[in-house]
Amino acid sequence: MDKMGAAYIMNSDKTSIDDQGGAAKLYREGLEFNTMAKQGVLTEDMPKKMTKTAVDPSVMKMAEERDY
């Protein structure tokens, strides 16, 4: 059916805005792939090892100095 044809326009007063049109012919296809995340090496966090302390001691020393 041509949605914007002359018959569609001329008969527009005989249909309702609630008319489903071709919606009854629509269907949902299945998924093409699984959407579940695989629990493996790529989704796990790397083990974290601390290479520096939270605040470098030299920064704390500079903060204590008041010779400005």
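Lysine pairs in the chain whose alpha-carbon atoms fall under 28 angstrom of each other, counting only those eight or more residues apart or on distinct chains, come to 8.
Which whole number of Å³ per residue matches the convex hull of the alpha-carbon atoms in the chain? Present the calculation step by step, with values, prior to reporting the outcome.
Details: hull volume 23.4 nm³, N = 68.
About 344 Å³ per residue, rounded to a whole number.
Once each of the trypsin sites (Lys or Arg not before Pro) sitting in a DSSP loop with at most 12 other beta-carbon atoms within 10 Å is removed, the chain keeps 4-27 as its longest stretch.
Read-outs throughout are calculated quantities, based only on the coordinates presented, and are distinct from any laboratory measurement. What you see is a predicted model, and the numbers here were worked out from it, not measured in a lab. Neighbour counts run over all protein chains shown; Cβ positions are idealised from the backbone, glycine included.
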